[in-house]
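The structure appears below as structure tokens.
The values are calculated or read from the model by the stated rules, or taken from the named source; none is laboratory data. Keep in mind that what you see is a predicted model, and the values were worked out from it rather than measured. Every residue, glycine as well, gets a Cβ built from its backbone with ideal geometry; the counts of neighbours run over all protein chains shown. What goes into the accessible areas is simple: the full protein's heavy atoms, side chains included, and nothing from ligands, DNA or RNA. Shrake-Rupley method; radii C 1.70, N 1.55, O 1.52, S 1.80 Å.
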Amino acid sequence: MTDIQIKHQEQRQRTVEMLKSQGLTRALFTHPNTFLWLTGFAPPAQMGVNPFNGGPSLVYVEDGHFTIIAIDNFAGGLAGLQDDPDCTLATYTGFTIENPLNATAKMLDTLAQATGGTVIGRIGVERFNLPLSIVTAMGTTAEFVALDSVMPTLREVKTAEEIALLRENFHLSDVGHAAARQAVVAGNREVDVFAAVSSAIYKEAGQFVPIGNDFIVGYRQANIGAMPDALEIRPHDSFIADISTTYGGYWSDSCATYYAESPTEKQRKLHQTVTDALDFAISLIKPGAVAGDIDAQVRDFMRKAGHVVYPHHTGHGVGVMGHEAPRIVPDNPHVLRENMVIMLEPGIYFPGETSIRLEDAVLVTADGCAVLTSHDKSI
């Protein structure tokens with residue numbers, strides 16, 4: 001895998017312009033996804049809460065200057081930001097053997113140094129991810145301006161750096177699909193397929209990579225999606241492998257349906273219908289297209305093919321989250337723009353019998369779209 005070093009200068013410039021449009025000179029960003037988007041640094045994946053991490057990691061902006069506040073053991077991953085004259089890296093001690101663990105208190109002290117103490121006047125914040133300890137530390141003279149709905153909008157159009165990292169993720173999910181196709185055989189269990197996928201992706205990436213989403217046999221009663229269990233694959237069973245990876249903090253997504261030994265004639269026809277629906281959905285993607293209109297047309301395609309329409313979204317954006325705007329769902333007026341990255345995933349489900357879903361990632365281009373996933377979705 002390519003070691004992509006992302007400094008995210010374009011993301012920070014967009015943020016400066018956004019703050020100016022809001023009439024703000026200061027902002028404090030506390031959401032982990034915003035921290036990643038502004039810095040390009042994703043903390044290592046943890047199993048549960050780590051008491052040594054302190055936190056949260058913060059980005060404080062004042063008059064166009066960014067102060068990155070994080071625990072000291074993240075300093076190596078953030079060091080490149082010091083090459084940007086508009087950034088300052090401020091770290092605080094996390095783990096220590098000399099004193100009780102008090103990283104959160106040290107984080108508040110570091111923030112106070114950046115802000116100059118008590119905040120007076122307007123400051124942009126992410127209200128839904130703003131710890132009470134920070135609210136208290138800023139004092140009653142701070143006037144909080146909510147930016148919760150603004151930041152996801154800034155993330156919709158991907159930078160060249162982000163698209164490169166997303167391509168790396170889609171390559172990993174493609175590798176996982178090749179392993180899944182080989183592992184879907186009668187006698188294996190759902191969890192055996194997941195194990196094969198995970199092993200292939202770890203080897204390709206050369207590191208641990210968080211992996212989801214759905215690994216299920218079609219005879220489940222709730223056969224749209226779930227993490228794997230010990231259910232055994234039988235001859236002619238369908239198997240949905242909806243694979244995501246999180247590499248460099250960014251998410252992939254992808255889906256294919258495989259068959260043990262061979263599909264039945266019914267499954268062949270269903271698979272072709274879903275293939276055609278996905279191809280149709282891809283043909284609708286271009287700048288200026290409306291998310292809700294795309295959703296309606298794909299659902300109408302499925303109805304005309306004589307099938308009950310899938311009970312989930314037609315698609316969604318992807319980036320620092322597995323599901324971002326724009327959402328391809330009913331009545332969504334969101335207009336597509338160049339360099340958005342969108343997942344498309346129609347499906348057909350017969351509970352307790354069989355299920356088929358296929359999914360590709362597309363990059364919105366100047367005059368249409370380009371498919372970013374290359375996994376084999378054929379029977």
Residues in the stretch 281-298 that are without any contact (Cβ under 8 Å) to a residue 24 or more places away in the chain and either under 23 Å from the mean Cα position of the chain (by Cα) or open to solvent by less than 60 Å² (accessible area, probe 1.4 Å) (or both): how many?
-> 1
Can you tell me which residue among 366, 277, 370 is among the small types (Gly, Ala, Ser), open to solvent by 30 Å² or more (accessible area, probe 1.4 Å) and more than 22 Å from the chain's Cα centre (by Cα)?
-> 366
Would the stretch 313-324 turn up any residue that is out of contact with any strand residue (DSSP E or B) (no Cβ under 8 Å at 6 or more places or on another chain), at pLDDT 95 or above and either at positive phi or crowded, with 20+ Cβ neighbours inside 10 Å (or both)?
-> no
Scanning for something touching a residue at least 60 places away in the same chain (Cβ under 8 Å), in contact with a Ser or Thr (Cβ under 8 Å, 6 or more places away or on another chain) and hydrophobic (A, V, I, L, M, F, W, C), does the stretch 303-317 turn up at least one residue?
-> no
So is residue 360 modelled with pLDDT of 95 or more and out of contact with any strand residue (DSSP E or B) (no Cβ under 7 Å at 6 or more places or on another chain) or not?
-> no
Expected output for the stretch 104-122 (first residue touching a residue at least 12 places away in the same chain (Cβ under 8 Å), partner assigned to a helix (DSSP H, G or I), Cβ below 6 Å, 6+ apart or cross-chain) is 108/137; 119/138
Quick one: how many residues across the stretch 139-192 are of a type in the set (A, V, I, L, M, F, W, C) and more than 30 Å from residue 334 (Cβ to Cβ)?
-> 10
Can you name every residue in the stretch 183-194 that is open to solvent by less than 50 Å² (accessible area, probe 1.4 Å) and over 18 Å from residue 245 (Cβ atoms)?
-> 184, 186, 187, 188, 190, 192
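Suppose we filter the stretch 270-286 for residues that are among the β-branched types (Val, Ile, Thr), in a helix (DSSP H, G or I) and either in contact with a strand residue (DSSP E or B) (Cβ under 8 Å, 6 or more places away or on another chain) or within 14 Å of residue 342 (Cα to Cα) (or both); how many remain?
Final tally of qualifying residues: 3.
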Within the set of pairs 6+ apart or on separate chains, which have a first residue in the stretch 225-242 that is more than 15 Å from residue 264 (Cβ to Cβ), a second that is open to solvent by 80 Å² or more (accessible area, probe 1.4 Å), and C-beta atoms under 6 Å apart?
-> 230/189; 232/189
Being more than 23 Å from residue 171 (Cα to Cα) and of a type outside the set (D, E, K, R) is the filter here, so list the residues in the stretch 205-225 that pass it.
-> 217, 218, 219, 221, 222, 223, 224
So residue 327, is it touching a residue at least 60 places away in the same chain (Cβ under 8 Å), farther than 23 Å from residue 259 by Cβ, surrounded by fewer than 21 Cβ atoms within 10 Å (Cβ to Cβ) and basic (Lys, Arg) = no
Just one of the numbered conditions (1) farther than 30 Å from residue 170 by Cα; (2) modelled with pLDDT of 95 or more is not true of residue 99; which one?
-> (2)
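So which of 360, 331 ends up being of a type outside the set (Gly, Ala, Ser) and farther than 30 Å from residue 264 by Cα?
Selected residue: 331, the only one of 360, 331 that is of a type outside the set (Gly, Ala, Ser) and farther than 30 Å from residue 264 by Cα.
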For residue 300, the lone unmet condition from (1) under 30 Å from residue 154 (Cβ atoms); (2) out of contact with any strand residue (DSSP E or B) (no Cβ under 8 Å at 6 or more places or on another chain); (3) in a helix (DSSP H, G or I); (4) of a type in the set (Asp, Glu) is (1)
Answer yes if at least one residue in the stretch 324-344 is part of a strand (DSSP E or B), small (Gly, Ala, Ser) and more than 13 Å from the chain's Cα centre (by Cα), and no otherwise.
-> no
